[in-house]
1. Count, please, the residues in the range A:147-179 that happen to be part of a loop (DSSP other than H, G, I, E, B), within 12 Å of chain B (Cβ to nearest Cβ) and out of contact with any Leu (no Cβ under 8 Å at 6 or more places or on another chain).
2. Restricting to the range B:259-314, name every residue that is at positive phi and not in a loop (DSSP other than H, G, I, E, B).
3. Hey, can you tell me all the residues within the range B:178-204 that are within 27 Å of A:LEU175 (Cβ to Cβ) and surrounded by fewer than 19 Cβ atoms within 10 Å (Cβ to Cβ)?
4. Report, by residue number, each residue of the range B:1-30 that is surrounded by 21 or more Cβ atoms within 10 Å (Cβ to Cβ) and among the aromatic types (Phe, Trp, Tyr).
5. Go through the range B:51-149 and tell me which helices (runs of 4 or more DSSP H), entirely inside it, have 3 or more residues that are at pLDDT 90 or above.
6. State yes or no: is B:TRP293 modelled with pLDDT under 95, more than 21 Å from B:SER7 (Cα to Cα) and of a type in the set (Phe, Trp, Tyr)?
7. Output the residues belonging to the range B:80-96 that are farther than 13 Å from B:VAL34 by Cβ and in contact (Cβ under 8 Å) with a residue 12 or more places away in the chain.
Amino acid sequence: MVEPVVPPSAPAPATAPILELHNLTAHFGHIQVLRGISLTVNAGELVCLLGSNGAGKSTTLLCASAIHHASGGSVRFLGEDLTRAAAHTVVARGLVHVPEGRRIFPKLTIDENLIMGAWLRRDRAGIARDRERMLDLFPILRDRLRQAGGTLSGGEQQMLALARALMAAPKLLLLDEPTMGIAPLLAERIAATIRSLNRDGLPILLVEQNARLALRLAHRAYVLENGSIAMHGPAAELAHDPRVTAAYLGGEG
Amino acid sequence: MNGAFLSQLLIDGTTTGLVIALVALGYTMVYGIVELINFAHGDIVMLGAMLFLTLIGLLGLDHAGQSWLARHPWVALAVLVPACATFGAAVAWTVDRVAYRPLRHLPKLTVLVTALGCSFVISNLGLLWGGLPLAVFGGGRAPSSPKSVPDLLPTLNLLGADSVVFLGTKEALVLGLCLPLMAALTWFVRCTRLGIAMRACAQNPVAARLMGVNVDALISLTFVIGGALAGVAAVAYATYHGTVQFQLGYNLGVMAFTAAVLGGIGNLPGAVLGGLVIGLVQAATTLWLGSDWTNVVVFLVLILTLVFRPNGLLGTQMREKV
């Protein structure tokens with residue numbers, strides 16, 4: 001479905017910002033990776049972040065989840081400043097990050113991986129309910145609860161990583177390249193899952209190299225080039241912007 | 001060679017091996033979570049043994065029958081074991097907090113050298129401690145000399161006075177301390193939330209942080225558990241071997257570290273298996289070749305094992321982290 005087209009300068013007034021990155025800069029050693037990024041994810045939105053390799057997409061997510069601390073600017077989540085917060089406290093507030101390369105626990109069982117997802121929760125009943133929900137969402141995991149996570153295929157590991165993140169009962173999900181290196185059929189299934197999670201009201205910030213897929217899923221999109229936002233706007237508009245089609249959609253359009 | 005001979009060898013080897021295994025668990029747990037060989041670990045056992053001997057002196061347990069506690073050595077041990085475990089845990093926690101944690105983001109070699117330094121510092125603290133003017137330390141006139149540990153438990157053969165095979169109260173104490181602790185540790189690591197989180201941190205600390213795990217706190221917990229095991233091992237070692245000296249941490253540490261590598265470093269059942277293998281090899285060598293040969297044979301076994309199984313007996317191929 002296509003969201004109503006709104007000019008980027010005038011976002012829909014009713015939406016409340018969930019995540020606000022303001023003028024964020026980040027360094028790895030002496031190398032500056034982010035050069036002042038401002039980005040917003042509003043309630044209920046699916047926002048995608050596009051860009052070529054090394055543009056700073058993953059770093060943006062790492063700064064948002066406080067795994068990497070920004071060198072300047074600010075990260076606000078649900079109105080709270082998390083720029084300097086410790087990573088484990090960010091999760092407690094509901095900001096959950098599924099990293100690139102999935103990073104499931106290879107020697108823990110599927111079930112133990114899910115338990116780890118709910119690490120900060122104490123509501124046993126809620127955890128059990130969400131575990132059932134995850135196993136319904138990804139039936140393949142139910143068949144392999146006692147199997148080590150590392151024995152799953154890449155696509156199955158991505159499903160586990162997604163399920164594990166959802167076990168934390170997130171208020172915002174950061175997804176880093178969820179379809180990278182995954183067979184097309186499974187990638188479609190994962191994309192459908194992401195869309196349905198968002199339709200159920202979960203705001204998502206999605207980093208994707210597959211721009212076509214991302215622009216199809218997202219309401220709005222940001223294009224990152226050399227650590228700065230080069231363009232942003234409604235996904236449907238960017239999908240037809242000649243600069244985007246030339247750089248990220250293979251030139252047709 | 002007869003059955004009695006073999007049984008005795010099994011009892012002696014298992015007892016020595018379990019003490020080594022208890023220390024090896026501390027090495028392997030810490031390695032599993034921070035990839036550090038905590039050279040100071042053996043010396044923490046030594047400090048625990050010093051505390052054990054000191055408490056024996058202070059409570060008057062070295063004079064049999066003098067006090068109520070001295071007449072009830074099992075009760076005394078029920079106090080001393082938790083005391084030494086708590087002490088070992090506190091020392092291990094402190095070493096990590098003061099010396100290792102500030103260096104955690106630096107190259108592994110930096111922390112490794114620091115661990116060597118901690119080992120020297122602690123063994124010298126043990127030397128100072130051994131110089132305290134206590135009767136159990138021989139008045140403290142020769143700080144570096146071996147101090148003999150008074151027998152708290154009666155010498156008797158639990159298999160019967162006329163049995164050829166000897167299983168004494170000391171052996172029983174070692175078995176009674178080590179086996180339940182190892183079972184409890186296995187349950188903790190396999191079945192509890194904290195245990196799962198510890199394994200998760202060992203496998204992928206960044207992912208664990210993304211789940212909201214406070215990785216530093218879990219690393220501290222690992223040191224605390226390892227230190228507590230070291231404290232219990234101190235009591236077992238001092239009771240069983242009968243002497244305490246400031247350098248015991250080095251010898252025991254080398255054996256325990258070897259056990260951890262032999263079993264597959266980072267692998268808890270491997271550490272126990274490695275300890276038992278080394279204990280049995282030591283006992284057999286001592287009986288057949290003499291104690292001068294024990295180290296030679298132990299390390300020969302280690303080298304041969306690693307030639308054929310480079311990751312140790314139960315170790316698996318180290319996974320490259322993504």
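The values are calculated or read from the model by the stated rules, or taken from the named source; none is laboratory data. Note that the structure is a prediction, hence the values are computed from the model and not measured. Quick reminder, even Gly has a Cβ in these numbers, built from the backbone with ideal geometry, and neighbours come from all protein chains shown.
1. Residues that pass the stated criteria total 1.
2. Once the filter is applied, which keeps residues that are at positive phi and not in a loop (DSSP other than H, G, I, E, B), the range B:259-314 yields nothing.
3. B:ARG193
4. Of everything in the range B:1-30, just one residue is surrounded by 21 or more Cβ atoms within 10 Å (Cβ to Cβ) and among the aromatic types (Phe, Trp, Tyr), namely B:TYR27.
5. Once the helices (runs of 4 or more DSSP H) in the range B:51-149 are filtered for at least 3 residues that are at pLDDT 90 or above, what remains is B:73-95, B:108-129.
6. Working: modelled with pLDDT under 95: yes; more than 21 Å from B:SER7 (Cα to Cα): yes; of a type in the set (Phe, Trp, Tyr): yes.
When the stated conditions are applied, B:TRP293 passes them.
7. B:LEU80, B:VAL81, B:ALA83, B:CYS84, B:ALA85, B:THR86, B:PHE87, B:GLY88, B:ALA89, B:ALA90, B:VAL91, B:TRP93
One line per residue, one yes/no per condition, for (1) more than 7 Å from every other protein chain (Cβ to nearest Cβ); (2) within 23 Å of the chain's Cα centre (by Cα); (3) outside any loop (DSSP other than H, G, I, E, B); (4) under 23 Å from B:ILE33 (Cα atoms):
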{"position": "A:VAL96", "(1), (2), (3), (4)": "yes, yes, yes, no"}
{"position": "A:GLY101", "(1), (2), (3), (4)": "no, yes, no, yes"}
{"position": "A:LYS107", "(1), (2), (3), (4)": "no, no, no, yes"}
{"position": "A:LEU114", "(1), (2), (3), (4)": "yes, yes, yes, yes"}
{"position": "A:LEU120", "(1), (2), (3), (4)": "no, yes, no, yes"}
{"position": "A:ALA125", "(1), (2), (3), (4)": "yes, no, yes, no"}
{"position": "A:ALA128", "(1), (2), (3), (4)": "yes, no, yes, no"}
{"position": "A:ARG131", "(1), (2), (3), (4)": "yes, yes, yes, no"}
